[in-house]
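> Quick one: structure below, then a few questions.
The values are calculated or read from the model by the stated rules, or taken from the named source; none is laboratory data. The model shown is predicted, which means the values in this text are computed figures rather than measured ones. Don't worry about glycine lacking a Cβ; one is built from the backbone with ideal geometry, like all the others, and counts go over all protein chains shown.
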Amino acid sequence: MKRIGVLTSGGDAPGMNAAIRAVVRTCIQNEMSVIGFKRGYNGLLMRSENEHEDFEILTTRSVSDKIHRGGTFLMTARCLDFKEERFQMQAVRNLKMLGVEGLVCIGGDGTYKGAEALNRLGIPTIGIPGTIDNDLAYTDYTIGFDTALNTACECINKVRETSDSHERVSLITVMGRNCGDIALHTAFACGAELFMVPEIPWSIEDIAERVKWGVMRGKRSMIIVFAEGALQSLTSDIPALCKEHPDLKDISVHHISSSQVAMIIEHLSGQETRATVLGYIQRGGSPSAQDRILASRLGARAAELLRDDQGGLAVGIRGNKIIEVPLSEVQNGTHAADTELSQLINVMAVMTKS
Ligand code: ADP
Ligand code: F6P
């Protein structure tokens with residue numbers, strides 16, 4: 001191929017810029033040109049009045065001073081129209097008009113579905129895993145996960161200090177959508193006492209019992225890491241637990257906030273419990289060295305695959321080896337619950353009854 005496109009889509013992730021840079025510089029070394037499309041799949045639809053709002057030719061200089069920057073300079077968006085075939089076909093027509101022969105799509109599971117559709121319609125595509133969630137099972141790591149972990153750990157260290165001074169329990173909600181990897185790895189790295197993730201069933205009564213048990217063992221404060229998707233594996237009968245509590249008796253099981261989870265833990269354990277939601281801070285910031293290296297390796301491989309006229313693939317890393325797998329095989333798979341890691345968290349926090 002002589003001309004390809006690149007875009008970032010879905011939630012941004014630190015390291016996306018490093019991946020774009022690697023794609024561009026590998027292509028230029030291979031005498032290929034690159035067009036950067038803006039705002040995810042919106043750029044391919046070219047609906048702006050000014051075409052520079054939709055795409056730009058990327059040169060070596062366009063990607064200078066980018067490897068260490070968080071976010072994505074191509075911008076990202078969720079383009080719901082792109083789920084419809086008529087818009088995908090419009091994108092194919094636009095790409096052909098610009099002489100773009102292949103496309104690199106950097107994003108998560110949803111982005112890969114768009115990439116697969118384009119591939120099916122005749123534009124060879126390569127997916128690069130760019131999401132903090134680490135929710136693509138075919139790859140050990142996604143770009144942005146390591147930075148998000150480091151950010152979450154830094155924040156939790158701070159919460160721990162105030163929590164310890166006040167002898168409180170802190171429930172800290174981290175991102176990850178339906179995947180518990182951010183929560184599990186953050187809990188391990190921060191020495192958290194407890195965690196709740198979507199992959200492992202849990203009950204609020206058990207958490208409260210373990211808080212009481214921790215206090216009996218002399219813990220002054222405790223950190224509980226709560227994955228934002230963890231309510232889907234909650235087994236407790238919440239209305240029954242809350243019916244005597246004046247502020248919780250009207251609780252809706254479908255919309256339980258982190259503060260309400262903290263209130264229930266406090267109610268059952270007798271320990272003052274406060275909630276902190278880390279939120280978008282986890283998606284920002286300069287990418288870690290690990291994420292820059294991973295992004296650069298994956299970006300280079302993606303460009304080489306298109307150079308060699310290969311498409312319909314997602315690149316990833318397994319056991320420190322760069323791999324590629326068919327896009328059709330990578331969707332909808334989070335890593336299986338890491339039982340070894342979850343048991344180690346309990347051992348390290350001295351939360352196992354021996
Ligand atoms: P992520 O890529 O991080 O999983 P989303 O699930 O929000 O993020 O998906 C990002 C974008 O990918 C969507 O806004 C849409 O443009 C595109 N996309 C998602 N699902 C599909 C689909 N089934 N077909 C085509 N495009 C899709
Ligand atoms: O997929 C990345 C992610 O940050 C998830 O962890 C989170 O659930 C979601 O995106 C938030 O999306 P939005 O930017 O639409 O609020």
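> In the list I106, I156, which residue meets the criterion of being touching a strand residue (DSSP E or B) at 6+ places or on another chain (Cβ under 8 Å), among the β-branched types (V, I, T), within 16 Å of ligand 1 (Cβ to nearest atom) and on the phi < 0 side of the Ramachandran plot?
Only one candidate qualifies: I106.
> Taking the range 151-191, which residues are surrounded by 24 or more Cβ atoms within 10 Å (Cβ to Cβ), among the hydrophobic types (A, V, I, L, M, F, W, C) and part of a loop (DSSP other than H, G, I, E, B)?
The one that is surrounded by 24 or more Cβ atoms within 10 Å (Cβ to Cβ), among the hydrophobic types (A, V, I, L, M, F, W, C) and part of a loop (DSSP other than H, G, I, E, B): C179.
> Can you say whether Q282 is touching a residue at least 60 places away in the same chain (Cβ under 8 Å) and closer than 30 Å to R220 by Cα, as far as the supplied structure shows?
Yes: the conditions hold for Q282.
> Out of (1) acidic (D, E); (2) at pLDDT 95 or above; (3) away from ligand 2 (no atom under 16 Å from the Cβ), what's the single condition that is false for D12?
If we test D12 against (1) acidic (D, E); (2) at pLDDT 95 or above; (3) away from ligand 2 (no atom under 16 Å from the Cβ), just (3) comes out false.
> Filter the range 70-104 down to the residues that are within 15 Å of ligand 2 (Cβ to nearest atom) and of a type outside the set (D, E, K, R), then identify the one that is nearest to N17 (Cα to Cα).
Within the range 70-104, the match that is nearest to N17 (Cα to Cα) is T72.
> Does the range 292-326 hold any residues that are among the small types (G, A, S), in a helix (DSSP H, G or I) and buried (at least 24 other Cβ atoms within 10 Å of the Cβ), and which are they?
Selection gives A295, G299, A302, A303.
> A follow-up question, please. Going through the range 28-48 one residue at a time, which ones are more than 16 Å from ligand 2 (Cβ to nearest atom) and in contact with a Ser or Thr (Cβ under 7 Å, 6 or more places away or on another chain)?
The one that is more than 16 Å from ligand 2 (Cβ to nearest atom) and in contact with a Ser or Thr (Cβ under 7 Å, 6 or more places away or on another chain): I28.
> Quick one: which of E101, E31 is more than 14 Å from ligand 1 (Cβ to nearest atom), in contact (Cβ under 8 Å) with a residue 60 or more places away in the chain and within 17 Å of R307 (Cα to Cα)?
E101
Rundown of residues vs (1) at pLDDT 95 or above; (2) within 16 Å of ligand 2 (Cβ to nearest atom); (3) under 26 Å from the mean Cα position of the chain (by Cα), yes/no style:
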| residue | (1), (2), (3) |
| --- | --- |
| A208 | yes, no, no |
| S221 | yes, no, no |
| D237 | no, no, no |
| L241 | no, no, no |
| D250 | no, no, no |
| S259 | yes, no, yes |
| I264 | yes, no, no |
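> Follow-up question, since we're still on this one. For the range 239-258, how many residues are out of contact with any Asp or Glu (no Cβ under 9 Å at 6 or more places or on another chain) and either among the charged types (D, E, K, R) or buried (at least 19 other Cβ atoms within 10 Å of the Cβ) (or both)?
Residues in the range 239-258 being out of contact with any Asp or Glu (no Cβ under 9 Å at 6 or more places or on another chain) and either among the charged types (D, E, K, R) or buried (at least 19 other Cβ atoms within 10 Å of the Cβ) (or both): 6 in total.
> Let me ask another. Only residues in the range 69-83 that are closer than 19 Å to T147 by Cα and without any contact (Cβ under 8 Å) to a residue 24 or more places away in the chain count as the first member; pair them with residues that are part of a loop (DSSP other than H, G, I, E, B) and within 13 Å of ligand 2 (Cβ to nearest atom), Cβ under 7 angstrom, at least 6 apart or cross-chain, and list the lot.
none
> Right, next: Just a yes or no: is a residue in the range 205-220 touching a strand residue (DSSP E or B) at 6+ places or on another chain (Cβ under 8 Å), surrounded by fewer than 23 Cβ atoms within 10 Å (Cβ to Cβ), in a loop (DSSP other than H, G, I, E, B) and not charged (D, E, K, R)?
no
> Sticking with this structure for a sec: In the list E85, E101, E49, which residue meets the criterion of being farther than 27 Å from P287 by Cβ and at pLDDT below 95?
E49
> Same structure, new question: Can you pull out the residues in the range 26-44 that are part of a helix (DSSP H, G or I) and crowded, with 19+ Cβ neighbours inside 10 Å?
Result: T26, C27, N42, G43, L44.
> Here is a further query. Report, by residue number, each residue of the range 58-98 that is assigned to a loop (DSSP other than H, G, I, E, B), of a type in the set (A, V, I, L, M, F, W, C) and near ligand 1 (Cβ under 9 Å from one of its atoms).
Listed by number, the residues that qualify are A77, C79.
> A further question follows. List every residue pair whose Cβ atoms lie under 9 Å apart, where the two residues are 6 or more positions apart in sequence or sit on different chains, the first residue falls within the range 220-248 and is free of Cβ contacts under 8 Å to residues at least 12 places away in the same chain, and the second residue, located anywhere, is of a type in the set (D, E, K, R).
As it stands, the answer is K243/K249, since those pairs meet every condition given.
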